[in-house]
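A quick write-up on the structure given underneath.
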Amino acid sequence: MVKEEIKKYTEESRLTCANAFKVAESLGVGSMQVGNTATEMGVKIKDCDLGQFGKFMQEEAASSVAAYEAMKPFLDERNRINCHDARKLESEFGFPTIRATLKNHKIDVKYCKLGCFKEKKGKQFTLKTKIWIENSEGELLFGKGKTEVLDVISQTGSIKAASEVLDMNYKKCWNHLKILEKNFDDSLFETKPGGGKSAGTELKPKAYELMETYKQLEREIEEFSNRRFKELFLKK
């Protein structure tokens, strides 16, 4: 997307400083990304008073380093960050810096319903699958939403904290658990009321088994679906 915008304003492998800023502003990306992309394309940025665009790139580079350092404590073992935490950092460093930092360090954002940190790309075909399990009454029993609730509770040890991470109403989060409790014979979690270290919600082995089984099912169905999608829709 950045390359396409740069091409619109490039003449004889030159891009004016004003147009470079225009590209950055129109796409909502940092000047560093525009500058680096222009360099990759062999395009030089001209007419910058006192190296103005270069200074912005240096400032953004420093800001990106600081953003990454601030991001590190929130990263999990798979180099992922919760959308909730990424948005908190955005208020400090700005959206372009956070998105550039995520891209540069290949950090995935999880539990992001709006996809706000994903880079916009050109037209392309993508297969989306959604898998859920229902009971005999047609009630949604288990799917991605309930898996995420259990997953985050296992990390935070709290229903309230999980609802905040997922940007979910506490009552809705609790309802997910009640539906699971109603439909499974085995106890999936234990909630200890009160305050202090002993309070909170702890998952039982059956809950972990259920999560892993669902994730395996989801992964295998997605792999098969994507393979068939490429065979049927993306033929050369």
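Values in this text are rule-based calculations from the coordinates and carry no lab data. These numbers were taken from a predicted model, which means no experiment stands behind them. All Cβ positions, even for glycine, are placed from backbone atoms using ideal geometry, and neighbour counts span all protein chains on display.
Structure data summary
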read-out	value
Estimated FRET transfer efficiency when R0 is 45 angstrom, pair Ile179-Ala66 (beta carbons, to 0.05)	0.55
Across Lys110/Lys206; Lys146/Lys215; Lys144/Lys182; Lys146/Lys178, pairs whose alpha-carbon gap is larger than 20 Å	Lys110/Lys206
FRET efficiency, Glu77 to Asp167 (Cβ-Cβ, R0 30 Å, nearest 0.05)	0.85
When each of Lys106/Lys204; Lys103/Lys230; Lys22/Lys72; Lys130/Lys192 is checked by Cα-Cα distance, pairs over 30 Å	Lys106/Lys204; Lys22/Lys72; Lys130/Lys192
Charged-residue dipole, Cβ positions (Lys, Arg, Asp, Glu), the stretch 70-191 about Cα centre, Debye nearest 20	880
Ranked by how many other beta carbons lie within 10 Å on average, peptides 2-8, 145-151 from highest	145-151, 2-8
Using a Förster distance of 30 Å, the FRET efficiency for Phe125-Lys103 (Cβ separation, nearest 0.05)	0.85
